[in-house]
Amino acid sequence: MNPIEQNRLDLTRRQLFGRTATGLGTAALASLLMRDGLAADQPASKRPSTRMAGLPGFPNFAPKAKHVIYLFQNGAPTHVDLFDYKPSIAKLHGKPVPNEFVAGKRFSTMTGNPSGKLMLAPVEPFKQHGQSGAWVSNFMPHTAKVVDDLCFIKSMYTEQVNHAPAISFMLSGGEIPGRPTLGAWLSYGIGCETDQLPAFVVMTSVSKGTSCGQIFYDFYWGAGFLPSRFQGVKFRGGGDPVLYLSNPKGMSKAVRRGILDDIAALNEMKLRDYGDPEIATRIAQYEMASRMQTSVPELTDLSKEPKHVLDLYGPQATERGTFANNCLMARRLIERGVRCVQVMHAGWDQHNSLTTELYTQCKDTDQPSAGLVQDLKQRGLLDDTLIIWGGEFGRTPFLQGDMKNRKRWGRDHHPYAFTTWLAGGGVKPGITHGASDELAMNAQTDKVHVHDLQATILNQLGIDHEKLTFKFQGRHFRLTDVHGHVVKKILKG
């Protein structure tokens, strides 16, 4: 229902019952507030938390994973240069792309008509690694060492050809902003294991000196039409991780606690009068901010992390704002009960920088990604933590740029085939699922749509993707829209 209309109906009922001489409505509302821990008979700091609860009946079945870490690579990593080895591409280097592979396909306006575009061989050579024999290019030497812990999906495909719609589609199931993202759905459906930190945390980074960074829009971690308390909380890379976390100069903890209690009392008065769920959200968020004053400093204190653990993540592990530091923080967050951590790294949009900036991107992200897998595994946390690594789409097997100017080689957006890898969380390790065609142009075998991946992620958290819904404007919405099938072949029995 439209929230404005719902609010009008709430007001009408409260006016009818709550403001009559009998006061029955007031008594009923007080009972509801007591149930939800919002009644003002005691300070907000003393009331029991209700943040941990999810929906009744959720999870729908025994989950294989309790946490999700999404290592989202904004800008679309080039699958043909990193993971999807195709000898035919090298053989056709410098020759026009065969028309049968691109006929009738839509590309970005930068490519326009793909006919006549020249094929471009992988920038770095590929080798097979591990007992699984997975193909990984020299760009990713650390990922190559953990391939037997990974599940590569090489038959991903999507419907969008530009970044923001494609990222929104991957994270929320809709290309137009305004729908809840994965972390918001998880917070709403199955809650959180802690009330000291948000259920859904987001961290962003970009490689230094990159010229192809993507904008981090807030709707990438938004709650859409869900109550706003389910949206992601973004941790900053400098200063206080969360704005206004520290007390102002001259204000003691006791004084701030008193102010929060007074604000809560005022908000609760408004909640009684108007019944607006966003007022309840504001009360809960003030209390979360208060608890985070204690939990976040402990979370971000890396002084007790052993050197051998820091070394797993690489030389930037303790440098705030880097992908390496964010990966380490992701591990610490899920250790403390956070449900979903979304680590986003921009700069993969190599339209003309495959031979320059792609090296930097891989250097900054390869070791931390592999290090996170190793760290979780050695702590016994990988079994119940699902890691996802990937971007919004892939990149064209043909060249964008001038073949004669190697320093400016690039690839355009490519939605028809790309690679994502998963680790942990009940996913089979050391396998490759699906395949693209001989030019890595089209997903061909065991194709996996974006909604299929989303359904599979929810499945591992014990959620039937068709049951996790929210009614908005007369329709029941879900993350997978009206599509999606669990990719059972990649899951442990």
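Across segment 406-425, what is the total count of residues that are more than 15 Å from Lys117 (Cα to Cα) and of a type outside the set (Gly, Ala, Ser)?
Of segment 406-425, the ones more than 15 Å from Lys117 (Cα to Cα) are 406-408, 415-425.
Next cut, of a type outside the set (Gly, Ala, Ser) only: 406-408, 415-416, 418-422.
Qualifying residue count for the region: 10.
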For Phe152, which of the numbered conditions (1) touching an Asp or Glu at 6+ places or on another chain (Cβ under 8 Å); (2) within 17 Å of Ile388 (Cα to Cα) fails to hold?
(1)
Just one of (1) more than 22 Å from the chain's Cα centre (by Cα); (2) modelled with pLDDT under 80 trips up Gln285, so point out which.
(1)
Being surrounded by fewer than 22 Cβ atoms within 10 Å (Cβ to Cβ) and part of a strand (DSSP E or B) is the filter here; which residues of segment 133-169 pass it?
Trp135, Tyr157
Are there any pairs with C-beta distances below 7 angstrom linking a residue in segment 58-73 that is under 27 Å from Ser369 (Cβ atoms) to a residue that is among the aromatic types (Phe, Trp, Tyr) and outside any strand (DSSP E or B), with the two at least 6 apart or on different chains, and if so which?
Gln73/Trp348
Kindly establish whether Ala40 is at pLDDT below 50 and of a type in the set (Gly, Ala, Ser).
yes
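Out of the residues in segment 83-118 meeting the condition of being among the basic types (Lys, Arg) and not in a helix (DSSP H, G or I), tell me which one is surrounded by the most Cβ atoms within 10 Å (Cβ to Cβ).
To start, the set of residues in segment 83-118 that are among the basic types (Lys, Arg) comprises 86, 91, 95, 105-106, 117.
Now restrict to residues that are not in a helix (DSSP H, G or I): 86, 95, 105-106, 117.
Values: Lys86: 22, Lys95: 10, Lys105: 14, Arg106: 10, Lys117: 19.
Residue satisfying both the conditions and the ranking: Lys86.
For every residue, the table says whether it meets (1) at pLDDT below 95; (2) outside any loop (DSSP other than H, G, I, E, B); (3) more than 16 Å from Ala284 (Cβ to Cβ).
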| position | (1), (2), (3) |
| --- | --- |
| Ser187 | no, yes, no |
| Gly209 | yes, no, yes |
| Ser246 | yes, no, yes |
| Ala265 | yes, yes, no |
Tell me which residues, restricted to segment 241-270, are within 32 Å of the chain's Cα centre (by Cα) and in contact (Cβ under 8 Å) with a residue 24 or more places away in the chain.
Pro241, Val242, Tyr244, Leu245, Ser246, Asn247, Leu260, Ala264
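Please verify whether segment 333-347 includes one or more residues that are closer than 30 Å to Pro397 by Cβ, over 14 Å from the mean Cα position of the chain (by Cα) and buried (at least 24 other Cβ atoms within 10 Å of the Cβ). Walk me through how you get there before you give the answer.
At the first step, the residues of segment 333-347 found to be closer than 30 Å to Pro397 by Cβ are 342-347.
From what's left, over 14 Å from the mean Cα position of the chain (by Cα): 347.
After this cut, where a residue has to be buried (at least 24 other Cβ atoms within 10 Å of the Cβ) as well, the list is 347.
Yes, segment 333-347 contains a residue that is closer than 30 Å to Pro397 by Cβ, over 14 Å from the mean Cα position of the chain (by Cα) and buried (at least 24 other Cβ atoms within 10 Å of the Cβ).
Does at least one position in segment 340-357 carry a residue that is part of a helix (DSSP H, G or I), farther than 16 Å from Lys208 by Cα and among the hydroxyl-bearing types (Ser, Thr, Tyr)?
Let us first name the residues in segment 340-357 that are part of a helix (DSSP H, G or I), namely 357.
Checking which are farther than 16 Å from Lys208 by Cα leaves us with none.
Within segment 340-357, none of the residues are part of a helix (DSSP H, G or I), farther than 16 Å from Lys208 by Cα and among the hydroxyl-bearing types (Ser, Thr, Tyr).
Can you name every residue in segment 311-320 that is surrounded by 17 or more Cβ atoms within 10 Å (Cβ to Cβ) and either under 30 Å from Asn247 (Cα atoms) or of a type in the set (A, V, I, L, M) (or both)? Full working, then the answer.
Of the residues in segment 311-320, the ones surrounded by 17 or more Cβ atoms within 10 Å (Cβ to Cβ) are 312-314, 316-317, 320.
Hits for segment 311-320 are Leu312, Gln316, Ala317, Arg320.
The values are calculated or read from the model by the stated rules, or taken from the named source; none is laboratory data. What you see is a predicted model, and the numbers here were worked out from it, not measured in a lab. As a convention, Cβ positions derive from the backbone with ideal geometry for all residues, glycine included, and neighbour counts pool all protein chains shown.
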